[in-house]
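> The structure's right below; bear with me while I get my questions together.
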Amino acid sequence: MHLEEKTVNSEVIYEGVIFTVTHDTALLENGSTAFRDVLWHHGGVCVIPVTENNEIFLVKQFRYPFGTATREVPAGKLEKGESHEICGRRELLEETGYTCSEFIYMGEMLPTPAYNSEVTHMYLAKGLTFSSQHLDDDEFLDVEKIPLEEAVRQVMEGRIRDGKTQLAILKAARILNL
């Protein structure tokens, strides 16, 4: 049982629309127990749309916990049982108005594995065609286009702070050999 913990009790303390929180008791490898608060999340998808000129689209939207707008790659949460590819294509269209002919899977990331079960799947979208934006009724954002090389510079300077966005930008730049 090295580097494993076994759940011996789990109590739901909050059940919301986006996530559920449990307060668990875990059996440790040395025989003692510890409490674990876990945020259970269906997961999400992020997409980095890249033009033929190696420019990317970012969305700027208000993030309530931080009281400010952040710049991020288009992203959204998975619906229960939904394919991450379908979710990613939907979010790309909803937030930017673009569809794509190439949708390249770049892997997954665990945003905060110490207490959160969320898995974020990452895609690179190429061969972009503009259709029309379809924002949700409660969604307000601006779309901006910047060169991918500039986005990498902004990540390295700490000017793009969102984790999934940082990783997607750096992975896309590596894949595209920039």
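The values are calculated or read from the model by the stated rules, or taken from the named source; none is laboratory data. Remember, predicted model here, so these are calculated numbers, not experimental data. All Cβ positions, even for glycine, are placed from backbone atoms using ideal geometry, and neighbour counts span all protein chains on display.
> Mind listing whichever residues of the stretch 23-43 are of a type in the set (V, I, T) and closer than 16 Å to T112 by Cα?
Just the residues of the stretch 23-43 that are of a type in the set (V, I, T), to begin with: 25, 33, 38.
Matches in the stretch 23-43: V38 only.
> Still on this structure, I have one more. Any residue in the stretch 95-106 that is in contact with a Cys (Cβ under 6 Å, 6 or more places away or on another chain) and either part of a loop (DSSP other than H, G, I, E, B) or surrounded by 12 or more Cβ atoms within 10 Å (Cβ to Cβ) (or both)?
Step one: filter the stretch 95-106 for residues in contact with a Cys (Cβ under 6 Å, 6 or more places away or on another chain), giving none.
There is no residue in the stretch 95-106 that is in contact with a Cys (Cβ under 6 Å, 6 or more places away or on another chain) and either part of a loop (DSSP other than H, G, I, E, B) or surrounded by 12 or more Cβ atoms within 10 Å (Cβ to Cβ) (or both).
Quick grid of which residues meet (1) of a type in the set (S, T, Y); (2) assigned by TED's automatic domain parsing to the domain that holds D37; (3) within 14 Å of C46 (Cβ to Cβ):
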residue: S101; (1), (2), (3): yes, no, no
residue: Y123; (1), (2), (3): yes, no, yes
residue: L128; (1), (2), (3): no, no, no
residue: H134; (1), (2), (3): no, no, no
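> Separate question: Quick test of your reading of the structure: M122 fulfils all but one of (1) in contact with a helix residue (DSSP H, G or I) (Cβ under 7 Å, 6 or more places away or on another chain); (2) in a loop (DSSP other than H, G, I, E, B). Name the failing condition by number.
Every listed condition holds for M122 apart from (2).
> Condition first: surrounded by 10 or more Cβ atoms within 10 Å (Cβ to Cβ) and farther than 30 Å from L141 by Cβ. Now tell me which residues in the stretch 14-37 satisfy that.
Answer for the stretch 14-37, where residues must be surrounded by 10 or more Cβ atoms within 10 Å (Cβ to Cβ) and farther than 30 Å from L141 by Cβ: T22, H23, D24, T25, A26, L27, L28, E29, T33, A34, R36, D37.
> Can we say R63 is farther than 25 Å from R174 by Cα and not assigned by TED's automatic domain parsing to the domain that holds T96?
no
> Condition (residue is over 29 Å from S131 (Cβ atoms), in the same structural domain as D137 (by TED's automatic domain parsing) and of a type in the set (F, W, Y)) applied to the stretch 50-59: is it met by at least one residue? Spell out the reasoning first.
Narrowing the stretch 50-59 to residues over 29 Å from S131 (Cβ atoms): none.
Checking the stretch 50-59: not a single residue is over 29 Å from S131 (Cβ atoms), in the same structural domain as D137 (by TED's automatic domain parsing) and of a type in the set (F, W, Y).
> When the stretch 107-116 is examined, which residues are found to be aliphatic (A, V, I, L, M), surrounded by 11 or more Cβ atoms within 10 Å (Cβ to Cβ) and more than 20 Å from I56 (Cβ to Cβ)? Let's see the steps before the verdict.
Initially, the stretch 107-116 is screened for residues aliphatic (A, V, I, L, M), giving 109-110, 114.
Right, trim to surrounded by 11 or more Cβ atoms within 10 Å (Cβ to Cβ) and you get 109-110.
Of everything in the stretch 107-116, just one residue is aliphatic (A, V, I, L, M), surrounded by 11 or more Cβ atoms within 10 Å (Cβ to Cβ) and more than 20 Å from I56 (Cβ to Cβ), namely L110.
> Filter the stretch 157-178 for residues that are more than 15 Å from the chain's Cα centre (by Cα) and surrounded by 12 or more Cβ atoms within 10 Å (Cβ to Cβ) and give the result. Write out each step before concluding.
So the first thing to find is which residues in the stretch 157-178 are more than 15 Å from the chain's Cα centre (by Cα), and the list is 157-159, 173-178.
Within the stretch 157-178, A173, I175, L176, L178 qualify.
> Just give me the residues in the stretch 144-153 being in contact (Cβ under 8 Å) with a residue 24 or more places away in the chain and assigned to a helix (DSSP H, G or I), in sequence order. Please lay out each step first, then the result.
Applying the first criterion (in contact (Cβ under 8 Å) with a residue 24 or more places away in the chain) to the stretch 144-153 yields 144-149, 151-152.
Of everything in the stretch 144-153, those that are in contact (Cβ under 8 Å) with a residue 24 or more places away in the chain and assigned to a helix (DSSP H, G or I) turn out to be L148, E149, A151, V152.
> Consider R90 against the criteria (1) over 15 Å from the mean Cα position of the chain (by Cα); (2) among the basic types (K, R); (3) not in a loop (DSSP other than H, G, I, E, B): it satisfies all of them except one. Which criterion is unmet?
Only one criterion is unmet by R90, namely (1).
> Which one of I13, I56, I48, I18 is more than 30 Å from L92 (Cα to Cα) and β-branched (V, I, T)? Talk me through it step by step, then tell me what you get.
Working: I56 fails: more than 30 Å from L92 (Cα to Cα); I48 fails: more than 30 Å from L92 (Cα to Cα); I18 fails: more than 30 Å from L92 (Cα to Cα).
One residue alone meets the criteria, I13.
> Against the conditions (1) assigned to a strand (DSSP E or B); (2) hydroxyl-bearing (S, T, Y); (3) within 22 Å of T68 (Cα to Cα), where does T165 fall short? Just the number, please.
(1)
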